[in-house]
Amino acid sequence: MSMDVAPRLDIDVLLDDPETRIVVCCGSGGVGKTTTAAALGVRAAERGRKVVVLTIDPARRLAQSMGIDALDNIPRRVEGIGGDGGELHAMMLDMKRTFDEFVEAHADPERARAILANPFYQSLSAGFAGTQEYMAMEKLGQLRARDEWDLIIVDTPPSRSALDFLDAPKRLGSFLDGKFIKVLMAPAKVGGRAGMKFLNVGVSMMTGTVSKVLGGQLMRDVQTFAAAMDTMFGGFRTRAEATYRLLQAPGTAFLVVAAPERDALREAAYFVERLAADQMPLAGLVLNRVHGSGAEQLSAERALAAAEILSLAIDPADPDDAPANADYPPANAAEGSDPAKNRPGTENLADCGFVDPPSGNAQARNPSAADPDVSPTSADTSAERLAAGLLRLHAERMQVLGREQRTHDRFTALHPEVPVAQVAALPGDVHDLAGLRAIGERLAVPLERTKRAAG
Amino acid sequence: MSRLHVVSGKGGTGKTTVAAALALALAADGRRTLLVEVEGRQGIAQLFETEPLPYEERKIATTPGGGEVHALAIDPEFALLDYLHMFYKLGSAGRALKKLGAIDFATTIAPGLRDVLLTGKACEAVRRKGKDGRFVYDSVVMDAPPTGRITRFLNVNDEVAGLARTGPIHNQAQAVMRVLKSPQTAVHMVTLLEEMPVQETADGIAELRADGLPTGGVIINMVRPAILDHEAVEVAANGQRAAVAKALSQAGLGGARRGGMAERLVDPLLEQAREHAERVALERAQRAELTGLGLPLHELELLTDGIDLAGLYRLATDLRKQWPT
Ligand SMILES: Nc1ncnc2c1ncn2[C@@H]1O[C@H](COP(=O)(O)OP(=O)(O)OP(=O)(O)O)[C@@H](O)[C@H]1O
Ligand SMILES: Nc1ncnc2c1ncn2[C@@H]1O[C@H](COP(=O)(O)OP(=O)(O)O)[C@@H](O)[C@H]1O
Ligand SMILES: [Mg+2]
Ligand SMILES: [Mg+2]
């Protein structure tokens, strides 16, 4: 396997260290950032810390289980969690509300009212790419300033790239700080400078064109918006810079969450490099949803071969090594007939609990082909069939393991210094406190041990 | 019969992949389709292993039987310049505005404006006719924004109405809306058999319906085969252990007696089977949830080695067999 062995990330050491004040969970979309953040919160609280978790866009049932589904933008105590003086508080970010509050705090009441009512502000606060990231940072700054918790765990918005979290606030800042908004604000001032005359022409033409295309009302709205935001530029920039510094401070730890898949680990590698470049403290990589097996000594090949032997013994007339149907376009015979009939190798084993083609991966199920709710009659279920099914499942599992191991090895070869904590995939979703505890346990205990315990 | 296929779904569920497979599937029998993307990510070029697409329709694939897939990455800035040029003959002034960041600014602070340009371009392609009076494209497939944004994206009329109450943009929005709300359009959702994507799909469909936008089908992507279910596992675990061990032994996996390899395999294999059965049960629940939406369901298998061109054609073949003709 790999020559490099990554050091193990000890989550409990990180959570127990009183110097750890902020943990940021980053990673690309869908890898388990929110789940990890919430699970860390539960674990830290049960180990005696006073924790607040800032979640962003949690799954509905998860939010309900923590009692934070009522979006009110303030942390709430999660009942039933704690120990040793530990407490868990949690909240779900309301980005628009955070933005509104920011405006109210940074502009006089009259101006604030004008901004909040402006249609451009409304669409910016509800949807500008980056607003969510910016507001997550803003909220983090606010929580830190309240100094009521000794540990803050932050989730990050569901973007494609983990880097968005670091870059988006600056993008919003530079947008609001942009040339054009300045031009709209003070055309005379800018145009008056030597060499900038063309801007004036551009502006009046722009104003004229926009008025023509969109109507005068719109132009006035744009200008009101720009004027209103102008008063807040300073505020925006200062805040963004202060929060960025907070992220570089010694009490902060970044955790990069990734699934053991190529794209997610590639993102994770970029992110690790970026953190180093920005001198932001990386605690390690959380490799989430990894698969294990209690029977690793049995290879996929051997399991498949054995399954084949059993299938032949059961039904020698129908070996499942028919060629896969991958031609394009479909044979003309396919027209108008039941698609299942055109799938060589599709054995209907539904009557004994085998609800799918036995090869395990070559053929797709088809909704019209097999009714997934056909219940098996146990009388029919021979030990050979069961054994063959178990072996095919195992072969599939071992193939997954092999792929995961290879992608993991590639990451380790690039970044052998990054500590790693592996979290086994649970068969179902994580949507209650028990599930979060289970994830916390898996985070803290090395994979080998949980595996052995399970097997 | 719809000719504009809008493909949405939760992030990462396979919108781009499914949109491309659908474009290929609809290009069978000598037909011509246009595949458009609107988020500036060059996902289509990556998938078809070609250079980044310019703002220009070009052929990216052919299908057996003489069909063609063309592709276009719609860029809001270019679309706006196009538009200004068409209506106002703004040549160099348009470029000056661009240089100033005005267009970027306008399309950023007014996403509705950006969206009307993007959807407008797609609708134009749907309606475009050649000299022979026939449609240039038999169908147009759009790799659309994710579920969370799709209704706002398509409801350009509402979005723009607050900003432009009269004038050409207003009229444009209305023309686009007429196409989007007609049976010419179908909005499809891509999902996985997991809780969050299914929930988002249900929410998205409800929103589309509430706004009178035409829903199409649900494409369940990355379906994994179900090999055993709970009942089978329980049968194996209760009363059949020895027989299973014997079967494993007969297949050449060591001794079936206590301590033999085959006997020691039974527990871990059953444990894996239980996990698998749990997943199968969860997937059934999600499938039932999707069935409740009352829309046609389609399924695409998980290609375990990832998606390359051959894989894409394979998904296209599969989709075509399931697609209503
Ligand atoms: N049926 C499939 N089998 C295997 N892999 C698949 C399948 N469909 C999609 N994928 C893979 O899943 C990943 C996500 O797919 P894709 O980029 O199409 O999703 P998307 O919904 O467009 O994502 P985004 O929200 O980021 O735009 C890609 O790596 C793709 O190759
Ligand atoms: N280790 C795990 N085992 C099983 N399911 C998991 C695991 N980690 C996350 N999930 C599930 O994956 C889905 C996405 O997780 P989530 O934390 O919302 O991702 P992100 O915040 O990165 O987008 C959720 O349904 C969650 O329950
Ligand atoms: Mg999340
Ligand atoms: Mg995509």
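Worth pointing out:
- Per the accessible-area calculation with a 1.4 Å probe, the total area buried between chain B and chain A rounds to 7400 Å².
- Overall dimensions of the range A:36-88, expressed as equivalent-ellipsoid semi-axes from the Cα gyration tensor (√(5λ), whole Å, largest first), are 19, 11, 9.
- Chain B: antiparallel DSSP beta bridges as a percent of all, rounded to 5: 15 percent
- Shown is the FRET efficiency for A:Asp17 and B:Asp267, computed with R0 = 35 Å from the Cβ-Cβ distance and rounded to the nearest 0.05: 0.35.
- Per-residue mean of C-beta atoms belonging to partner chains within 10 Å, peptide B:191-199: 3
- Residue by residue along B:231-242, Cβ atoms of other protein chains within 10 Å of the local Cβ number 5 on average.
- Available extension along the chain between A:Arg60 and A:Asp278 is 75.0 nm, counting 0.36 nm per residue and deducting the alpha carbon span.
- Kirkwood-Stokes translational diffusion coefficient of the range B:205-254, alpha-carbon pairs, 37 °C, 0.692 mPa s, µm²/s: 215 µm²/s
- Efficiency of FRET between A:Gln223 and B:Thr166 - r from beta-carbon atoms, R0 22 angstrom, step 0.05: 0.70
- Beyond 26 Å in Cα-Cα separation lie the following of the pairs B:Lys10/B:Lys121; A:Lys33/B:Lys121; B:Lys121/B:Lys181; A:Lys139/B:Lys15; A:Lys50/B:Lys10; A:Lys33/B:Lys321: A:Lys33/B:Lys121; A:Lys139/B:Lys15; A:Lys50/B:Lys10; A:Lys33/B:Lys321.
- Global geometry of the range A:1-142, whether rounded, prolate or oblate, following the gyration tensor of its Cα atoms and the 1.5 cut on a/c: prolate
- Using a Förster distance of 25 Å, the FRET efficiency for A:Asp84-A:Gln248 (Cβ separation, nearest 0.05): 0.25
- Inter-label distance, A:Arg113 to B:Asp158: 2.8 nm, where each label sits 7 Å from its Cα along the C-beta direction.
- Computed label-point distance, nm, for sites B:Lys59 and A:Asp167 using a 7 Å Cα→Cβ extension: 3.6 nm
- Averaged per residue, chain B has 40 square angstrom of accessible surface, using a 1.4 angstrom probe with ligands and nucleic acids left out.
- Over chain B: helical MRE at 222 nm, DSSP H runs n ≥ 4 each giving -39500 (n - 2.57), nearest 500: -16000 deg cm²/dmol
- Two-site label geometry, A:Asp147 and B:His85: point separation in nm, points 7 Å out along Cα→Cβ: 6.0 nm
- Within straight-line reach of B:Lys129, meaning a Cα separation under 12 Å, sit the following aspartates and glutamates at least 8 residues removed in sequence or on another chain: B:Asp138.
- Ratio Rg/Rh, restricted to the range B:225-294 and using Cα atoms, in which Rh is the Kirkwood radius: 1.17
The values are calculated or read from the model by the stated rules, or taken from the named source; none is laboratory data. Everything numeric in this text was worked out from a predicted model, so none of it was measured. Don't worry about glycine lacking a Cβ; one is built from the backbone with ideal geometry, like all the others, and counts go over all protein chains shown. Keep in mind that these areas ignore ligands, DNA and RNA; they rest on the heavy atoms of the full protein, side chains included. Shrake-Rupley method; radii C 1.70, N 1.55, O 1.52, S 1.80 Å.
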